[in-house]
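J.: Sharing a structure below in structure tokens format, with a few things to ask.
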Amino acid sequence: MKYDNITKAVFISRPNRFIAEVEINGRRETVHVKNTGRCRELLIPGSEVWLTASKNPSRKTKYDLIAVRKNTGVLFNIDSQAPNKVMREWLEKQDFDRIIPEYTYGGSRIDFYMERGDERFLTEVKGCTLEICGIGYFPDAPTERGVKHIRELVNAKKDGYNAALAFVIQMDGVREVRPNVATHAEFGKAMNEAREAGVRILFLTCRVEPDSLEITDEIKG
């Protein structure tokens, strides 16, 4: 997955979850943040960030903030739309006969439905941008929607689907994602229920560059 028109900047502040103030070559600019999560440990004043220019000339903000370098030196992609895009690219290399995004199952829209021969697959994708001591954690904010999707996967498994919960790790060097029970205990409970029900837990490692994101490996959790 590649971005066009990448611009380096310095993070100043985040007035709300949708916008940030940055400095580009000495000029202050308001930009859109492509992640509504907290990202408090990433978006720190003075941090290096990368922007991509919007192709919509009528938009209020010219740029989207899509990547940041943490104070540890590790580069993070924080574009919340990127995990599904790179997952689609990765799935297309896995010999499925059919891939359908945003598939309605039960009372939810699951990210991907796939077929291979007579087998049916459902996969829900979560992007991980929270890292603590080399371990990824999800979520960084409570997500009732995320809990609902996991429980749909449990039902799908009972209905004969190959069900999977896939974490796209949007940083280099992290190979495991744990439930962030301190932030949302119910998500951790639902994830444990899914594992016990036979839902596959996948950790998808990535190579992160300011202008790209690519899945490099699949690790079974």
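The values are calculated or read from the model by the stated rules, or taken from the named source; none is laboratory data. Just so we're clear, the structure is a prediction, and the values are computed from it rather than from any experiment. With ideal geometry, Cβ positions are generated from the backbone for all residues, glycine too; neighbour counts draw on all protein chains shown.
J.: Among the residues of the range 165-210, what is the count of those that are β-branched (Val, Ile, Thr), in contact with a Lys or Arg (Cβ under 9 Å, 6 or more places away or on another chain) and touching a residue at least 60 places away in the same chain (Cβ under 8 Å)?
T.: The number of residues fulfilling the criteria is 1.
Residue-by-condition table, conditions (1) in contact with a helix residue (DSSP H, G or I) (Cβ under 9 Å, 6 or more places away or on another chain); (2) closer than 19 Å to Phe203 by Cβ; (3) at pLDDT 95 or above; (4) not aromatic (Phe, Trp, Tyr):
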{"site": "Tyr63", "(1), (2), (3), (4)": "no, no, yes, no"}
{"site": "Phe76", "(1), (2), (3), (4)": "no, yes, yes, no"}
{"site": "Tyr113", "(1), (2), (3), (4)": "no, no, yes, no"}
{"site": "Glu131", "(1), (2), (3), (4)": "no, yes, yes, yes"}
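J.: Let me confirm something: among Ala190, Ala141, Ala166, which residue is over 18 Å from the mean Cα position of the chain (by Cα) and among the aliphatic types (A, V, I, L, M)? If you could, list the steps in order and put the result at the bottom.
T.: On the way: Ala141 fails: over 18 Å from the mean Cα position of the chain (by Cα); Ala166 fails: over 18 Å from the mean Cα position of the chain (by Cα).
It is Ala190.
J.: What tally of residues in the range 136-164 results from selecting those that are surrounded by fewer than 19 Cβ atoms within 10 Å (Cβ to Cβ) and touching a residue at least 60 places away in the same chain (Cβ under 8 Å)?
T.: Final tally of qualifying residues: 1.
J.: Applying the selection to the range 174-196, what residues are closer than 22 Å to Leu91 by Cα and either among the polar types (S, T, N, Q) or part of a loop (DSSP other than H, G, I, E, B) (or both)? Spell out the reasoning first.
T.: If we filter the range 174-196 for residues that are closer than 22 Å to Leu91 by Cα, which is where we start, we get 174-177, 194-195.
Within the range 174-196, Val174, Arg175, Glu176 qualify.
J.: Quick check on the range 102-113. Is at least one of its residues more than 21 Å from His149 (Cβ to Cβ), in contact with a Lys or Arg (Cβ under 9 Å, 6 or more places away or on another chain) and not assigned by TED's automatic domain parsing to the domain that holds Leu51? Break it down stepwise before answering.
T.: Taking the range 102-113 and keeping what is more than 21 Å from His149 (Cβ to Cβ), we get none.
Checked the range 102-113: no residue is more than 21 Å from His149 (Cβ to Cβ), in contact with a Lys or Arg (Cβ under 9 Å, 6 or more places away or on another chain) and not assigned by TED's automatic domain parsing to the domain that holds Leu51.
J.: Take the conditions of a type outside the set (Phe, Trp, Tyr) and farther than 20 Å from Asn84 by Cβ and apply them to Asn162. Does it pass? Outline the logic, then answer.
T.: Working: of a type outside the set (Phe, Trp, Tyr): yes; farther than 20 Å from Asn84 by Cβ: no.
Spelling it out, it is not the case that Asn162 is of a type outside the set (Phe, Trp, Tyr) and farther than 20 Å from Asn84 by Cβ.
J.: Just a yes or no: is a residue in the range 76-97 among the small types (Gly, Ala, Ser) and more than 30 Å from Leu122 (Cβ to Cβ)?
T.: So in the range 76-97, the residues among the small types (Gly, Ala, Ser) come out as 80, 82.
Imposing the further condition that a residue be more than 30 Å from Leu122 (Cβ to Cβ) reduces the set to none.
No.
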